[in-house]
Amino acid sequence: MFGIVDDKRLFDAIKDNSQTVFKVVYEEYFAKLTQFITRMSRDEDLAEEVVQRTMIKVWEQRDKIILTTSLKSYLYKVSYNEYLMYLRKKSKFPNIEDSVIEAIDELEEENENDILLDKIRKEIDNLPPKMSGSFYPE
């Protein structure tokens, strides 16, 4: 919408803490970026959250950002990267959760096996020596 020269001026104004200019940029790109992320995620609520985080990140890091492309390209790239970060985080937690559940199940099985093994050993020990000898070879 704006142009490289206009983008630079807009971003310079944002760097100078102009909330009014940031609001203009926000209103211009929020719906477009949300639509972009929704096409990938198929989840409009998630897309809005990702774009919201994008805009917050841009505002919070405005002093460090050096705009080398158009503002539009930059916002799309940051939104895309935020979405990828969401996917990475999302993919780690279920795996961790599944791993913890699996580990707990294994521990329970091991404990049950230990208890059963102890019971079997006690019963073998109660057998007459000739019979228990077949279980404990000398």
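The values are calculated or read from the model by the stated rules, or taken from the named source; none is laboratory data. Keep in mind that what you see is a predicted model, and the values were worked out from it rather than measured. Here the Cβ positions follow ideal geometry from the backbone for every residue, glycine too, while neighbour counts run over all protein chains shown. Note: accessible area is taken over every heavy atom of the protein model, side chains too, but ligands, DNA and RNA are not part of it. Shrake-Rupley method; radii C 1.70, N 1.55, O 1.52, S 1.80 Å.
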Practice task
Roll a 1.4 angstrom probe over the protein heavy atoms and tell me the percent of accessible area of the range 1-59 that is carbon or sulfur.
Solution key: 51
Handout entry: Residue pairs, from the table LYS23/LYS89; LYS64/LYS89; LYS15/LYS57; LYS23/LYS72, whose Cα atoms sit over 20 Å apart
Key = LYS23/LYS89; LYS64/LYS89
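First select every other residue whose beta carbon is under 13 angstrom from the beta carbon of ILE66; then total the charges, Lys and Arg +1, Asp and Glu -1. Numbers along the way, then the final one.
Values: positive: LYS8, LYS15, ARG62, LYS64; negative: ASP7, ASP12, ASP63.
Computed value for this residue: +1.
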Practice task
Positive end of the charge dipole of the range 34-78 (Lys, Arg +1 and Asp, Glu -1 on Cβ, about the Cα centre): tell me which of MET55, LEU71, THR38 has its Cα farthest that way.
Solution key: LEU71
Practice task
Give, as ranges by residue number, the residues of the range 35-57 whose backbone N falls under 11 Å from the point 7 Å along Cα→Cβ of LYS89.
Solution key: 50, 53-54
Exercise for the section: Pop a pseudo-label 7 angstrom from the Cα along the beta-carbon direction at both GLU44 and ASN126 and give the gap in nm to one decimal. Expected result: 6.9
